[in-house]
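Remarks on the structure that follows.
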Amino acid sequence: MGEPRIPEGFDFTDPGVYVDGVPREYFAELRRTAPVWWNAQQPRGSAGFDDEGFWAVTRHSDVMAVSRDSETYSSWQNTAIPRFHPSITRDRIEMQRYVMLNTDPPDHTALRAIVSRGFTPRTIEKLRDVLAARSEQIVRTALARGAGEFVSDVACELPLQAIAELIGIPQEDRRQIFEWSNAMIGYDDPDFSGEDPMMAAWALMAYAVKMAEERQETPREDIVTKLVNAEVHGEHLSLEEFGFFVLMLAVAGNETTRNAISHGMLAFLDNPEQWELYRAQRPKSAVEEIIRWGTPVNIFQRTATVDTVLAGKEIKAGDRVGMFYGSANFDDEVFTDPLQFNVDRVPNPHLGFGGSGAHFCLGANLARLEIELIFNAIADHMPGIRKSGQAQRLRSGWIHGIKELPVKYA
């Protein structure tokens, strides 16, 4: 295949790379010439890793292969997060292993089983009517303003309200969850980097522990009550495990869907013919294309547990392996015209919820429903929505986010 034409010292986890968008041309170059490529640049500002780089996995089939093999590729050894804030020491990274995202089977399987029944298709479908009503209210409230900022007015609201409903967080506290979430995820962006991300995490965990104490006295039909009473390997969750579990649900439950909605709206505004098609026909396939196009998580990592071979490359035990969903979802061996936003795209085997396997997104059914309902409400009530300024992207090496999207609603 030859050597890829990638600038010397280029780092695919450098948050500055993504301020102007995903480097599609470099990912395409890697898929053509070196689909498993050693990115030798140590992530600048990253803490806690002693090695000098990672394997960048960019092809759809290879990302799937890594995702499905939890024995060979571990989430536990270095966690699933490829880049940490400088304030996060090795001890703090060790603490993050309490998060389900960073565990391997069988522990991961046991933890996932605790809340999986709260996210089944049948359970989520029962929320359709209440979330449809919330979608209508969110859109009508934004429309009354005439103009505004789409991310905070619309995109974040339904995911926040939905996850608050499921977990048992009072709706009046959802904005506090939003602020903590931004601090934990946006630490590489100057708009959110003023607060230590771990301080925000501790604050959310303290909030979660208070909720646990309340549920012990007064149980409810919510996920927090399930967690309080849950046992793993015959033992109840520790306070740390409980706190990190709620943290993961609260953050993952709003960040990814919020960014999918924001990217979807921007794609519609940049492709007005697709907006008109969607408004007229409401194809069911649109939700999957919005997720593929947005790909809210650009990368998760694994660590090789043994020496292995992937796409002809020898990977040593202890090597970090980055699964670039932001590349895999634009692989032209899998998707016809991947750089075209096409709401009629069928089939659409995107990896926006992960590449299947043990870590397939627990909230995929909820995310799909939220995206369907909010865009139906937007199409019904603000068909003339248009940009009033440029979208501002999140400065992050692993989250593909939009932090601002100025619009006119009517």
Only helices counted: for the chain, with every DSSP H run of 4 or more residues adding -39500 (n - 2.57) and the sum spread over all residues, [θ] at 222 nm is -14000 deg cm²/dmol
Given backbone amide H placed at 1.01 Å from N, residues whose amide H is under 5 Å from that of residue 394, ignoring those fewer than 5 places away on the same chain, are 401, 402, 403
Share (percent) of C-alpha pair distances in segment 261-410 greater than 19 Å works out to 58 percent
Computed ³J(HN,Hα) along segment 66-81: with the Karplus parameters 6.51/-1.76/1.60, θ = phi - 60°, integer Hz and x for glycine or proline, the list is 5, 4, 8, 10, 6, 6, 7, 10, 9, 7, 6, 4, 10, 6, 8, 8
Count of lysine pairs, the chain, Cα-Cα under 28 Å, sep. 8 or more residues or interchain, comes to 8
Cα extents of the chain per principal axis, largest first, Å, are 56, 55, 40
Residues whose modelled amide H sits under 5 Å from the amide H of residue 297, counting only those 5 or more places away in sequence or on another chain, are 400
Interchain or sequence-distant (5+) residues whose placed amide H lies within less than 5 Å of the amide H of residue 74 are 303, 304, 305
Here FRET efficiency (C-beta to C-beta, residue 113 to residue 220, R₀ 25 Å, nearest 0.05) is 0.80
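Rank these residues by their accessible area, most exposed first, probe 1.4 Å: 256, 33.
Ranking 256, 33 by accessible area, largest first, yields 256, 33.
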Sorting 107, 129 on solvent-accessible surface, 1.4 Å probe, most exposed first, gives 129, 107
With all protein chains in place and a 1.4 Å probe, residue 25 shows an accessible area in Å² (nearest 10) of 110 Å²
Length gained, residue 344-residue 40, 0.36 nm per residue minus C-alpha separation, equals 105.5 nm
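Give the dimensionless ratio obtained when the Cα radius of gyration of segment 175-315 is divided by 2.2 N^0.38 Å.
Working it through for segment 175-315, the quotient is 1.40.
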Rounded to 0.05, the calculated FRET efficiency for the beta carbons of residue 386 and residue 137 at R₀ = 30 Å is 0.85
The Cα extents of segment 315-369 along the principal axes, largest first and rounded to whole Å, are 42, 28, 13
With every protein chain in place, the accessible area of residue 403 for a 1.4 Å probe, in Å² rounded to the nearest 10, comes to 40 Å²
Measuring from its Cα centre, the chain shows a charge dipole (+1 at each Lys and Arg Cβ, -1 at each Asp and Glu Cβ) which, in debye to the nearest 20, is 880 debye
Diffing segment 239-244: the Karplus 3J(HN,Hα) column from phi (6.51, -1.76, 1.60, θ = phi - 60°), in whole Hz with x for Gly and Pro, holds 4, 5, 5, 4, x, 5
Karplus-derived 3J(HN,Hα) from phi for segment 184-191 (6.51 cos²θ - 1.76 cosθ + 1.60, θ = phi - 60°), whole Hz, x at Gly and Pro, runs 6, 8, x, 5, 8, 9, x, 6
With a 1.4 angstrom probe the carbon and sulfur portion of accessible area for the chain, in percent, totals 50 percent
Projected onto the charge dipole of the chain (unit charges on the beta-carbon of Lys, Arg, Asp and Glu, signs +1, +1, -1, -1), the Cα from 33, 151, 347 with the largest positive-side position is that of 347
Reported to the nearest 10 Å², residue 236 has, with a 1.4 Å probe, an accessible area equal to 110 Å²
With R₀ set to 22 angstrom, the calculated FRET efficiency between the beta-carbons of residue 316 and residue 61, to the nearest 0.05, is 0.50
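The values are calculated or read from the model by the stated rules, or taken from the named source; none is laboratory data. Predicted model, so just to flag it, every value in this text is computed and none were measured. Counting neighbours? That spans all protein chains shown, and the Cβs are built from the backbone with ideal geometry, glycine included. These area figures cover heavy atoms from the full protein model, side chains too; ligands, DNA and RNA do not enter into them. Shrake-Rupley method; radii C 1.70, N 1.55, O 1.52, S 1.80 Å.
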